[in-house]
Amino acid sequence: MGHKSFWWVLLIGASVASASADTLFTNGVIYTLDEQSSTVSRLCVSNSGRLKSLEACEPIQKIDLSGQVVIPGFVEGHGHLMGYGEAQLNLNLATAKNLGELVAQVAEAVDKAEPGEWILGRGWHQSKWNETPKMVDGFQTNETLNGISPDNPVYLKHASGHAAFVNDRALAIAGIDEKTQVAGDGEIIRDPSGRATGVLNERAQNLVSRFVPALSRSQRERALDLALEGLARVGITSFQDAGASQDDIRLYQAFLNEDRLTTRVYAMITGGDSDMLADWMQRGPLIGAGDDKLTVRSIKLVADGALGSRGAWLLEPYSDRAGHSGLPTMPVAEMSDISHLAYRNGFQVAIHAIGDRANREVLDIFDALFDGRDRGVRFRVEHAQHLHPEDIPRFGQLGVIPSMQGIHMSSDRPWAIDRLGAERIASGAYMWKSLIESGAVLVNGTDVPVEPVNPFASYYALVTRMTLAGYPEGGFEPSERLNRETALKTYTINPAFGAFEEALKGSLEPGKVADFIVLDRDLMTVAPADIADTKVLMTVMNGEMIYKADSAMFQPEAP
């Protein structure tokens, strides 16, 4: 189904022959986020999907905003588009408050499944559960999972995507026994007797995941449709896809050709795929296809794992696992070679780095490549969660973009202190304001499906440093809080800059695309406790209304 039939109607030029068919949005509180931080009451949108100056506006229809707040459309700075869609086809384990609830969800799925059918899910996080089950090396064990699913293989990804929880049936299919070894960065968690407990860390996941049936083309299309619908509901008009496969990009191109791509996609190719990497290095970047709706000009690499699975690469051992400092997930020399290759072929590099050791190694690579100075190439560090204090100024000096996710602080900080200890947390974790003060351009996002795709929750975290439950009063390490305008820029103009697109979008100015959202409250003035509950009333992308809430009463009328 094309989005024009699904997503209500075209606002611009739906039945108008005139080439100057503008639409005037009036009576709003419109935060433009331009250099002057202007707030205006009217916007003019041309039938080409661009914003026009009010002086040049020739409206044939008017939309009364009834005093509601308008901001630029959100630019999701780091997420996984197909992962978000595919997660909606499987079990959502983020809702499980403990192992018992997870097992109950699996049991319900098993009751509905065919014999031997795989049970798939994502979102569990043992450090967030309200009860602690039997643990081995910081992870739960699979006895209860085996009890409710002896015949159906079960494969459940950690919220971070860096570990998996499986039952014995899945282990048997993969041929994993007490003798199985994992090369490189991977770990089969075992109990003292040598029995695999069902948790597979980092690359060990591949031992089982390669047996999970691939989705059909129709299932993948359904997943992308679900993802795009979800993004429109929360006001995300652009999405930076942190690690797209060749098949993913082909699907985005197909949706673009069929006029179904209702979110602008900035795709980072998966740098760990050598064939894909070679292909794109030969063909060069794809920039602004389909009226600036699809760009492929970045390479995503992964330097380490996640903090939750203790895979993040640290300079010193974990506070809650003696002698363990995590591991690199790609050789440093290989990351360096790919970064040089990208630079020569006009591609940006974005490297996942969570631990302070991983961040230092990545900064050293960029430092060597850029001769210790900002050369305007906008290379990125994805997450940049835990830094050694000496490395914070290097982001600004090198022009490296820290692409962080505010919601990770809110979600992870209560247990992250167990991994790092109070001193490392206070001096180097989630250092948003310090990075900005270094001169770096901070980018925000949700890392969906690692976290729910809720920009307002991530914005709330940036301005409060609290959990979504409002804890603690005053926030964690409050000196790193951001003011509201700065926080909003990390979700609009800053990620646009992070994709070389700040002249196209991210603020509401004449000549830029008409990507904006109408909200049910004012993010700049509403009580902090109410920020995360903000709802989108209308989402406009390229001048087209791609979402309108049932409660919204905006109707076109004559000017």
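The values are calculated or read from the model by the stated rules, or taken from the named source; none is laboratory data. Just so it is clear, the model here is predicted, and its values are computed rather than measured. Here the Cβ is made from the backbone with ideal geometry for all residues, glycine too, and neighbour counts use every protein chain on show. We work out accessible area using only protein heavy atoms, side chains counted, and drop any ligands, DNA or RNA first. Shrake-Rupley method; radii C 1.70, N 1.55, O 1.52, S 1.80 Å.
Identify the residue in the stretch 371-400 that is touching a residue at least 12 places away in the same chain (Cβ under 8 Å) and among the acidic types (Asp, Glu) and, among all such residues, is surrounded by the most Cβ atoms within 10 Å (Cβ to Cβ). Applying the filter and picking the extreme gives Glu382. I need the full set of residues from the stretch 428-469 which are buried (at least 23 other Cβ atoms within 10 Å of the Cβ) and among the basic types (Lys, Arg), in order please. Correct list: Arg465 only.
Just so you know, in the stretch 349-369 the residues that are assigned to a strand (DSSP E or B) and of a type outside the set (Val, Ile, Thr) include one that is farthest from Asp241 (Cα to Cα), and it is Ala353. Of the strands (runs of 3 or more DSSP E) lying entirely inside the stretch 30-75, the ones with 3 or more residues being surrounded by 20 or more Cβ atoms within 10 Å (Cβ to Cβ) and at pLDDT 95 or above are found at 43-45, 69-72.
Flag not set for Ser309, criterion: within 19 Å of Gly243 (Cβ to Cβ), more than 21 Å from the chain's Cα centre (by Cα), open to solvent by less than 10 Å² (accessible area, probe 1.4 Å) and polar (S, T, N, Q). Scan the stretch 340-348 and tell me whether some residue there is assigned to a helix (DSSP H, G or I), modelled with pLDDT of 95 or more and open to solvent by less than 20 Å² (accessible area, probe 1.4 Å). Yes, the stretch 340-348 has at least one match. Residues that are within 13 Å of the chain's Cα centre (by Cα) and among the small types (Gly, Ala, Ser) within the stretch 219-241 comprise Ala227, Ser238, listed in sequence order. Summed over the stretch 504-525, the residues that are open to solvent by 10 Å² or more (accessible area, probe 1.4 Å), farther than 17 Å from Ile493 by Cα and not β-branched (Val, Ile, Thr) give a count of 3.
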